[in-house]
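Quick notes on the structure that follows.
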Amino acid sequence: MSTVALEDPSLLVGRALIGGEWVGAASGEELAVRDPATGVEIGSIPACGEAEANAAIAAAEAAFPAWKARPAAERAALLERWHDLVLEHRKDLARIMTAEQGKPLAEAEGEVLYGAGFIKWFAEEARRVYGGTVPAPTADRRILILKEPVGVSAAITPWNFPNAMITRKCAPALAAGCPIVVKPSELTPFSALALGVLAERAGFPPGVINIVTGLPQGVGAALTQNPVVRKLSFTGSTRVGALLMRQCSDTLKRLSLELGGNAPFIVFDDADLDAAVAGAIASKFRNAGQTCVCANRILVQDGIHDAFADRLAKAVAAMRVGDGRQEGVTIGPLINAAAVEKVHAHLDDALSLGATRFAAAQGEVDGSRFVVPTVLTGASTRMRLANEETFGPVAPLFRFRHEDEAIEIANGTPYGLAAYFYTENLNRSWRVGERLEFGMVGLNTGSVSMEVAPFGGIKQSGIGREGGATGIEEYLELKSFHIGGLKSA
Ligand SMILES: NC(=O)c1ccc[n+]([C@@H]2O[C@H](COP(=O)([O-])OP(=O)(O)OC[C@H]3O[C@@H](n4cnc5c(N)ncnc54)[C@H](O)[C@@H]3O)[C@@H](O)[C@H]2O)c1
Ligand SMILES: O=C[C@H](O)CS(=O)(=O)O
């Protein structure tokens, strides 16, 4: 494992973390992890399965009573230390992420800071798990509401944000007093394992954070079916989210599901054009379009359409595609060949149904790993890209005339994660903001991802919210504590 040059090489680990031990799979089998920009093997990880996942669950169960009993201030202090170590090693964490995920180094470092934000936020929230009191119906009774950790928790995370999707789950779980077992994506496990190394250095007790690498089915079966796990938080595709929900039903686990999206990005005639173009670039092309909250459908009103298309085309033409380690590269590879094929299928489908390739970035790239950012005009709701997540750097422009038409197109999706719109009109701002059926709405901004606000979707985009003041509630149970028979004298 020497293909990633690091200031601290001990951050690149090819072992699973179970009960404080760095271990291989019992079978000895390993899975190779490849750099999506080159195909070169970065290293390998244990191909853990059900047995290792159950061992991690047992370790978490053993750690639970002591972890739950630690004063919130102590749990917070450990989280603060973890946060500081993540910041200290942010360059190496970014190098690992770029090597396994592909996003440009500056963007990878941005994700590390974003991920660290969740650790800091929930360190602070750990101290604010307040219960309550309820006015009692009789004089001899008092009723308290206690908040208690839900118990052993599990997290299954995707490859597109290999750091932040883990901290967004682990930090609130740990803050609430829940030990956790994490199954990172098999495509990007090293970012997770590096976070594990830093958590260990921060001083988390053995078993409080466990990281089980491997193929999804075996590990997933244990995390969804073992009755000791009381909570599963999943981020990934709607298809797999629905499957895990079914698998969890026999043991009735608490569930958080952060699933796919198909975000509309609406530009009204009265928008600030520069701001709308900047917002569209930020929203559409982050992580080469492989983001659940990426603008998937760009709806532009007739009067501003051509000016917007010209400006967007200019910005896209200036993008540089390539290996994320190279200076000046803004768009890295897609995660694998299947992702590239899907984006090409969406492009071909759109072109065959009347879209026009209006602009594209320049430069020669390996077409089996990279997709050149492209602007399409003439997109319509019949196209695949209107109905499925494209997850690539394609910006399709849909022309519309009236506000009602834009709302109807925007809401015409089974997904409900994020939506964006640009207008300078105050009345329209409220009207449209309230009519959009999404968990997150951005007005005059292309970004809604931050630790301070609830993050999550409705409809087939999921259940529950991460981040914000309510994020920790996902890992807490309410207990009504009734005290009866109190004597007045
Ligand atoms: N809403 C959000 O917050 C959010 C954030 C990031 C990504 N996503 C979504 O995630 C998807 C991209 O990520 P992906 O391709 O890694 O998704 P995915 O659903 O294929 O995989 C996500 C995770 O689930 C695991 N998994 C897959 N099949 C499993 C099974 N049968 N049992 C147990 N685990 C299983 C994978 O190994 C991975 O760790 C996109 O749809 C994207 O929109 C959503
Ligand atoms: O892919 C979607 C994630 O939730 C990423 S982010 O939270 O928007 O950064």
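The values are calculated or read from the model by the stated rules, or taken from the named source; none is laboratory data. Because the structure is a prediction, the values reported are computed rather than measured. Ideal geometry is used to build each Cβ from the backbone, glycine not excepted, and the neighbour counts take in all protein chains shown. Remember, those area values only see protein heavy atoms, side chains included, never the ligands or the DNA or RNA. Shrake-Rupley method; radii C 1.70, N 1.55, O 1.52, S 1.80 Å.
Overview of results
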item	result
Residue that is nearest to ligand 1 (Cβ to nearest atom) [pool: residues in the stretch 221-236 that are open to solvent by 50 Å² or more (accessible area, probe 1.4 Å) and over 18 Å from Gly471 (Cα atoms)]	Gln225
Members of the stretch 278-306 found to be away from ligand 2 (no atom under 12 Å from the Cβ), buried (at least 24 other Cβ atoms within 10 Å of the Cβ) and either of a type in the set (Val, Ile, Thr) or modelled with pLDDT under 95 (or both), listed by number	Ile298, Val300
Sole exception among (1) outside any loop (DSSP other than H, G, I, E, B); (2) open to solvent by less than 10 Å² (accessible area, probe 1.4 Å); (3) away from ligand 1 (no atom under 16 Å from the Cβ) for Phe118, by number	(3)
Residue, nearest to ligand 2 (Cβ to nearest atom), within the stretch 264-277, restricted to residues that are open to solvent by 10 Å² or more (accessible area, probe 1.4 Å) and over 28 Å from Pro333 (Cβ atoms)	Ala275
Selection within the stretch 113-163 - within 20 Å of the chain's Cα centre (by Cα) and aromatic (Phe, Trp, Tyr)	Tyr114, Phe118, Trp121, Phe122, Trp159, Phe161
Tally, over the stretch 243-263, of residues that are more than 16 Å from ligand 2 (Cβ to nearest atom) and either of a type outside the set (Lys, Arg) or open to solvent by less than 30 Å² (accessible area, probe 1.4 Å) (or both)	11
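Each row is one residue, and each column tells you yes or no for (1) away from ligand 1 (no atom under 16 Å from the Cβ); (2) assigned to a strand (DSSP E or B); (3) closer than 26 Å to Val33 by Cα.
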position: Phe285; (1), (2), (3): no, no, yes
position: Gly324; (1), (2), (3): yes, no, yes
position: Leu347; (1), (2), (3): yes, no, no
position: Ala350; (1), (2), (3): yes, no, no
